[in-house]
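See below for the structure under consideration.
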Amino acid sequence: MLRSIMSLGAASAWMVIGRASGLLWTMALIFTLGIDDYGRYASAYAAAAILSAPIENIFVVRCVRVSEHLFLGERTLRVLIGSGLAAIGAAIYAASFIAGFALLIAGLEMIFNAYKSRALRDGEPGKIMRIDAVRQLSSIVIALGYILLAKDAASLAIACLWYLSPYLVIILMTLRQIRGHGPLIPKQWREQGVLVVDALVLSVYLQGDIILLGLLTNTEVVGIYSVASQLALAASTIGQLFGQQFAVAVRERPAHREAEPPMRATLGIGVLLWVGTTIVALILILFTEYHQVGWTLFAIAPFAGLRAVTNTWVTVLYIRGVDVHRIVWSAVALVMRYALIVVLVGCLPEVAAVMTALSAVVGETILTLAFFRLMRVPQSKTED
């Protein structure tokens, strides 16, 4: 347990570095290009997540389940698909920033995730976070350098191209990694279909609210909500890191509860993140001019803690193969969350970002209770 805590601390430290630099990038975009341009950027990122998730989830889940031979072949296929998406994005980038950038991010992140998949399979979240942080810092330094040098002539489209430039190094590293391993297509079609639906539901659940909010309001509101929601999601990643450390143990001893993340520690992490996010929100409200972001973050703070808990448990449920039950409950939470957004934003448009945040908390509460029940059921009864 002590080793797990130390590993979590190292992974969390790298995550903080990466997320802090991401926050710096967000602030730089808002200060230099405006909240509207940041809203466009956030919308493109959300679209990328929804686009890539149905494909990516197959590889993410299977990389911790399948044999070494299948893992190596499917990793190569993952790189090829990512390359195709990125090529299409590059071709249409000049015609449509949001569509082009979404496809580029989706494809390049797929290649990057293929590179990191070995560390995920081996249960090394610290290594994953370290690689993520280095890439994030590199992208931000290069793109921010362009913005500072270009000054008033800086544009979002050019800044984002510079932001993507470190992926060229990642492509070369990944090509070296997959050399000698031909692509393999996953054969279990029923399982793949389930995982595609799973990823689509999850991506719409986590990122689609930004797009829906944009349809109901404007890019300024989207920018405010996106800053708060991304901070909450960043905090909840600690739960994911904690759960990933138990991937090997759960895969080798799936029927043994002692191989799973301890319940008390999992819930404790959730409470700490809820409290920590609330403190950050209060600082923004009391000591800065970003009151709207602060109140939105205050409203979504419980989501940060709850999402950390579900992120921890989902690793176990992935390895156990608890797919159908998990997807059904995710869909229920999605429907409830979106219905609340439409109703609450329609009734109180002046506080649309806060209402969207409260809807996220309700959805995640449903999901946490459902996952808790699935975690308590013996494996033989939860396998789909």
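Since every read-out is calculated from the coordinates, none of them should be taken as a lab result. A quick note: this is a predicted structure, and the numbers were derived from the prediction, not measured. Reconstructed Cβ throughout: ideal geometry from the backbone, glycine too, with neighbour counts over all protein chains shown.
Taking θ as phi - 60° and the Karplus parameters 6.51, -1.76 and 1.60, the scalar couplings of the range 282-294 work out to 5, 4, 5, 6, 8, 10, 9, 8, 8, 5, 5, 5, x Hz in sequence order, x denoting glycine and proline.
In sequence order, the range 342-357 has phi-based couplings of 4, 5, 5, 5, x, 7, 10, x, 5, 10, 4, 5, 5, 5, 5, 5 Hz under the Karplus curve 6.51 cos²θ - 1.76 cosθ + 1.60, θ = phi - 60°, and Gly or Pro positions carry x.
Principal axis extents of the Cα atoms in the chain, from largest to smallest and rounded to whole angstrom, are 57, 46, 38. Checking every one of the GluC sites (Glu not before Pro) in the range 239-319 against DSSP loop status and a limit of 14 other Cβ atoms within 10 Å picks out GLU289.
Rounded, prolate or oblate for the range 92-225? Axes are the square roots of the Cα gyration tensor eigenvalues, ordered a ≥ b ≥ c, and the cut-off for rounded is a/c under 1.5. The shape class here is oblate. Between VAL196 and ILE285, the modelled labels are 4.5 nm apart [label points 7 Å from Cα along Cα→Cβ].
The fewest-to-most ranking of ASP132, ASP152, ASP198 by surrounding Cβ atoms within 10 Å reads ASP152, ASP132, ASP198. Size check on the range 194-384: the Cα extents along the three principal axes, sorted descending, read 51, 33, 20 Å. Peptide packing for 98-105, 39-46 was compared via the average number of neighbouring C-beta atoms within 10 Å per residue; ordered from the highest value, the list is 39-46, 98-105.
Structural size metrics of the range 313-384, computed from C-alpha coordinates, are Rg and Dmax of 15.0, 50 Å.
Tell me which trypsin sites (Lys or Arg not before Pro) from the range 124-216 have a DSSP coil assignment and no more than 16 other beta carbons within 10 Å of their own.
Details: sites: LYS127, ARG130, ARG135, LYS151, ARG176, ARG179, LYS187, ARG190; in loops: ARG179, LYS187.
Answer in residue order: ARG179, LYS187.
For the range 1-187, build the convex hull from the C-alpha positions and give me its volume per residue in Å³. List each step's numbers first, then the result.
Numbers: hull volume 22.4 nm³, N = 187.
That works out to 120 Å³ per residue.
The HN-Hα couplings worked out from phi for the range 102-116 by the Karplus form 6.51 cos²θ - 1.76 cosθ + 1.60 (θ = phi - 60°) are 4, 5, 4, 4, 4, x, 5, 5, 5, 5, 4, 5, 4, 4, 7 Hz, whole numbers, x standing for Gly and Pro.
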